[in-house]
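Engineer: I am attaching a structure below and will ask some questions about it afterwards.
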Amino acid sequence: NVPEDHADKLLLASWGLPKAVLKKYHSLGVVQMFEWQAECLMLGQVLEGRNLVYSAPTSAGKTLVAELLILKRVLETRKKALFILPFVSVAKEKKCYLQ
């Protein structure tokens, strides 16, 4: 569980993402995360580039965790990232809104 003093971490706006990125997520109806998603992002040094292995059922929100990690690292380090997705349809969808 996310500690009460970190409850604001459920909101996407609290992760330091640019306004344009937040606006896009908000237009898709994504304003906050599930507790388990925020927990993943707060684990150890994940935001500094350490590895993270997590598992959740289909359509549970795993991709959002990966997107946020990638976006934060790319924006903060100005380095490229490789985002591997399981289906062409998902890859096309992500390409459209990550542009």
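The values are calculated or read from the model by the stated rules, or taken from the named source; none is laboratory data. Model, not experiment: these values are computed from the prediction. Ideal geometry is used to build each Cβ from the backbone, glycine not excepted, and the neighbour counts take in all protein chains shown. The protein model used for the area step is the full one, side chains on, heavy atoms only, and it has no ligands, DNA or RNA in it. Shrake-Rupley method; radii C 1.70, N 1.55, O 1.52, S 1.80 Å.
Engineer: I need the full set of residues from segment 71-89 which are open to solvent by less than 70 Å² (accessible area, probe 1.4 Å) and closer than 22 Å to residue 8 by Cβ, in order please.
Structural biologist: At the first step, the residues of segment 71-89 found to be open to solvent by less than 70 Å² (accessible area, probe 1.4 Å) are 71-72, 74-75, 77, 81, 83, 85.
If the condition is that a residue be open to solvent by less than 70 Å² (accessible area, probe 1.4 Å) and closer than 22 Å to residue 8 by Cβ, then 71, 72, 75 are the ones that fit.
Engineer: Only one of 58, 63 is at pLDDT below 90, surrounded by 14 or more Cβ atoms within 10 Å (Cβ to Cβ) and of a type in the set (Val, Ile, Thr). Can you tell me which?
Structural biologist: Details: 58 fails: surrounded by 14 or more Cβ atoms within 10 Å (Cβ to Cβ).
Of the residues listed, the single one that is at pLDDT below 90, surrounded by 14 or more Cβ atoms within 10 Å (Cβ to Cβ) and of a type in the set (Val, Ile, Thr) is 63.
Engineer: Can you pull out every residue in segment 23-35 that is closer than 18 Å to residue 9 by Cβ and outside any helix (DSSP H, G or I)? If you could, list the steps in order and put the result at the bottom.
Structural biologist: Step one: filter segment 23-35 for residues closer than 18 Å to residue 9 by Cβ, giving 25-26, 30-35.
Of everything in segment 23-35, those that are closer than 18 Å to residue 9 by Cβ and outside any helix (DSSP H, G or I) turn out to be 30, 31, 32, 33, 34.
Engineer: Of the residues 68, 17, 52, which single one is open to solvent by less than 70 Å² (accessible area, probe 1.4 Å), in contact with a Leu (Cβ under 7 Å, 6 or more places away or on another chain) and farther than 18 Å from residue 97 by Cβ?
Structural biologist: Step by step, each of 68, 17, 52 is checked, and only 52 is open to solvent by less than 70 Å² (accessible area, probe 1.4 Å), in contact with a Leu (Cβ under 7 Å, 6 or more places away or on another chain) and farther than 18 Å from residue 97 by Cβ.
Engineer: Please find, within segment 21-49, the residue that is most open to solvent (accessible area, probe 1.4 Å) out of those that are of a type in the set (Gly, Ala, Ser) and at pLDDT 90 or above.
Structural biologist: 27
Engineer: Something else now. When residues of segment 36-89 are filtered for being under 27 Å from residue 19 (Cβ atoms) and in a helix (DSSP H, G or I), how many remain?
Structural biologist: 26
Engineer: Scanning segment 90-99 for residues that are assigned to a helix (DSSP H, G or I) and without any contact (Cβ under 8 Å) to a residue 40 or more places away in the chain, which turns out surrounded by the most Cβ atoms within 10 Å (Cβ to Cβ)? Show your work before the answer.
Structural biologist: As a first pass, look at segment 90-99 and keep what is assigned to a helix (DSSP H, G or I): 90-98.
Pick out the ones that are also without any contact (Cβ under 8 Å) to a residue 40 or more places away in the chain and you get 90-96, 98.
Details: 90: 11, 91: 13, 92: 10, 93: 13, 94: 15, 95: 11, 96: 8, 98: 13.
Looking at residues that are assigned to a helix (DSSP H, G or I) and without any contact (Cβ under 8 Å) to a residue 40 or more places away in the chain, I get 94.
Engineer: Is there any pair linking a residue in segment 3-29 that is without any contact (Cβ under 8 Å) to a residue 12 or more places away in the chain to one that is surrounded by 11 or more Cβ atoms within 10 Å (Cβ to Cβ) and of a type in the set (Ser, Thr, Tyr), with Cβ under 8 Å and at least six apart or on different chains, and which?
Structural biologist: Close Cβ pairs satisfying both conditions: 8/14.
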